[in-house]
């Protein structure tokens, strides 16, 4: 079985408050984009994990894909598998690749072993692995609240728009990003703001991480400026960064920010 876990972007991200459990209450709309990892799952007599593509540091047992397999095995008693992840979505970028990989392990195991786990149950299982993981179970545009795991569908039509994703060499640790985040307290406005034409988002739709991280890393602010200079209708950092994106009505002008990877898609 071959699966293609996608990346996502955040169109708007409001940090509402710090919760008593240590997490932050937030409001964001997540949009899947056509940037993919590749995940292979095959039944096997013994468990085997392989990773290729972009190197992933850390212990194998700490990998979200391995954790997802162990979770499903412990709950449903499934047999072993061979898991191979080809990592292509940049990490430390706010694009959600690791969360997507874990969610797609759950989806893949559900199909491979005919477990008949409902979508809602898959989301509950995914939430045990990470706040963004449940989003990728349905893999559609959704409003995320709570710590990101409470999801509801949102209609945003970006079909036909061009997307430019810029990933600088800066790696931003999510925990570090939250440690200095600006808490705006804004809540309940994002869905209405995003119902406006994309060209109106620039004035109303924000990412609360930018205030803090743009001071620490001024080059991120410079990339956002370049995206607007290239004709973006809307530009923002995705999640807690460091990737930024621009949404364009037509094919964008070519930009080459220093020490950055640039990816271009049609939505």
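The values are calculated or read from the model by the stated rules, or taken from the named source; none is laboratory data. What you see is a predicted model; the values in this text were computed from it and never measured. Virtual Cβ from ideal backbone geometry, glycine too; neighbours counted across all protein chains shown.
Yes/no matrix, rows are residues, columns are (1) part of a strand (DSSP E or B); (2) within 25 Å of residue 252 (Cβ to Cβ); (3) in contact with a strand residue (DSSP E or B) (Cβ under 7 Å, 6 or more places away or on another chain); (4) outside the structural domain of residue 62 (by TED's automatic domain parsing):
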residue	(1), (2), (3), (4)
91	no, yes, no, no
99	no, no, no, no
103	no, no, no, no
115	no, no, no, no
120	no, no, no, no
124	no, no, no, no
129	no, no, no, no
144	yes, no, yes, no
148	no, no, yes, no
Specify which of the listed residues (41, 33) is assigned to a strand (DSSP E or B), buried (at least 18 other Cβ atoms within 10 Å of the Cβ), at pLDDT 95 or above and in contact with a helix residue (DSSP H, G or I) (Cβ under 7 Å, 6 or more places away or on another chain). 41
How many residues does the stretch 44-57 contain that are surrounded by fewer than 13 Cβ atoms within 10 Å (Cβ to Cβ) and either outside any strand (DSSP E or B) or without any contact (Cβ under 8 Å) to a residue 24 or more places away in the chain (or both)? 4
Being out of contact with any helix residue (DSSP H, G or I) (no Cβ under 9 Å at 6 or more places or on another chain), within 22 Å of residue 241 (Cβ to Cβ) and either assigned to a loop (DSSP other than H, G, I, E, B) or not assigned by TED's automatic domain parsing to the domain that holds residue 104 (or both), is that true of even one residue in the stretch 58-66? yes
